[in-house]
């Protein structure tokens, strides 16, 4: 484990070592510290946990790239307090085998390390949900962006994607229900859809079938 901060480094190492499914953790303050002290005494190295909480984005990028290059083919897993989806995808794209938020418990941390050791790649569930929401919203915005939908039709399409009934759409958008129906017919025509479920499917959403449609 590589972490500049003494307290967090030693506390996490003790927690990892004390866990029932423990991996034996050795700690270093930096990659250079590892090269000087750890590398000459290297035994069986199974994974590297790199804490990148401190530093600018450029410094973090350089640190991650250096670690991946130094330890290849050993799995490098990043530990960070940043849960921004773009930051996570960026780090994963540099070749690491996992991204662990500091908000998870020690059990999740250990399972993420075992997954990386086995050849998998760990991404926090919260980030996957954010990615799904981003892709779903992007699909609606892409349709609107190509000029085929008006702004109002885009809003109605987004409501359909969420499985909302006509009455609810009308109330939220402050429209008459008959106007909502007209927008839905136009949306269906533009998408070549035969029903609202097909509309939701084509724009990448999930329909809640418990909704009562008017």
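Things worth noting here:
- Residue in segment 156-178 that is over 27 Å from the mean Cα position of the chain (by Cα) and modelled with pLDDT under 85 present: no
- Residues that are under 27 Å from the mean Cα position of the chain (by Cα), part of a helix (DSSP H, G or I), modelled with pLDDT under 85 and under 30 Å from residue 48 (Cα atoms) do occur in segment 132-152.
- The conditions of being crowded, with 20+ Cβ neighbours inside 10 Å, assigned to a helix (DSSP H, G or I), within 14 Å of the chain's Cα centre (by Cα) and assigned by TED's automatic domain parsing to the domain that holds residue 44 are not met by residue 60.
- Test: residue in segment 20-32 that is out of contact with any helix residue (DSSP H, G or I) (no Cβ under 7 Å at 6 or more places or on another chain), assigned to a loop (DSSP other than H, G, I, E, B) and closer than 22 Å to residue 121 by Cα: no
- Taking the conditions (1) in contact with a strand residue (DSSP E or B) (Cβ under 6 Å, 6 or more places away or on another chain); (2) within 21 Å of residue 28 (Cα to Cα) in turn, residue 88 satisfies each one other than (2).
The values are calculated or read from the model by the stated rules, or taken from the named source; none is laboratory data. Everything numeric in this text was worked out from a predicted model, so none of it was measured. Neighbour counts run over all protein chains shown; Cβ positions are idealised from the backbone, glycine included.
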